[in-house]
């Protein structure tokens, strides 16, 4: 039954065009490969890492899909606004939009956080998602397609990480944006959801905590009930599920993929006296 379901999904997905931001590494890369593997015909990757774009494009092509690389800094609003119209001009449609791009910073406490840093966080993590989703929605409505959108949010949209005020605020904004779009676009058959990963073994995580700490966390991560970090492919599986027809009645939902981290409960131990 599983193989039959997969073949049906591949047939449904055949011919579809996906746009994935932040696709040159980490969760974005894993998402691009998962979409190609599941039968999306065209996977367009947006990133500013040219070498990374080319590597992932070659991997997508090896899976039988057409890869298109788009080099862009999503902090550039004018450039961002043109990405979807240019893509549709080349391929005629856009069926799936996935926003994985996010800026990574070392820890900076709130009292030391500048408005320039906050503006940059919001531009890349949230405003670019708004712009691209707006353009994608216009195309999907005009074409009468039952499209799907997925934003990579974070468990930090519901909790908080000290030293990450810009990241937390912008990811919470993504969840709010998703809910508004799901409500407004639902009548047109367009589904919008978010995936909120817990700590995952990605280059961004390495940048954030350093190689030594990451090696320790790869051995054991006690913060999650499963006692390990997530793999980018596990987050990508959730994204592709929400992008595919397997989730045809799911919209306006934030899917948390965190290995049980948010289910953890503090347990008090009694002193033996």
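The values are calculated or read from the model by the stated rules, or taken from the named source; none is laboratory data. Bear in mind the structure is a predicted one, so any value in this text is a computation, not a measurement. Methodologically, a virtual Cβ is constructed for each residue, glycine included, from the backbone with ideal geometry; neighbour enumeration extends over all protein chains shown.
Looking only at the range 20-33, count how many residues are surrounded by 24 or more Cβ atoms within 10 Å (Cβ to Cβ) and over 11 Å from the mean Cα position of the chain (by Cα).
1
Working carefully through the options 147, 159, 189, find the one that is touching a residue at least 12 places away in the same chain (Cβ under 8 Å) and over 27 Å from residue 233 (Cα atoms).
189
So in the range 165-203, with the set limited to residues that are at pLDDT below 90 and buried (at least 19 other Cβ atoms within 10 Å of the Cβ), which one is farthest from residue 247 (Cα to Cα)?
The selected residue is 202.
Just give me the residues in the range 89-119 being touching a helix residue (DSSP H, G or I) at 6+ places or on another chain (Cβ under 9 Å) and closer than 29 Å to residue 143 by Cβ, in sequence order.
92, 93, 94, 95, 96, 97, 98, 99, 100, 101, 102
When the residues of the range 93-109 are filtered to those that are part of a loop (DSSP other than H, G, I, E, B) and under 17 Å from residue 68 (Cα atoms), which remaining residue is nearest to the chain's Cα centre (by Cα)?
Per the criteria, the residue is 100.
Taking the stated definitions as given, is residue 118 at pLDDT 95 or above, crowded, with 17+ Cβ neighbours inside 10 Å and in a helix (DSSP H, G or I)?
no
Return a yes/no flag: does the range 45-55 have any residue that is under 29 Å from residue 179 (Cα atoms), buried (at least 24 other Cβ atoms within 10 Å of the Cβ) and at pLDDT below 95.
no
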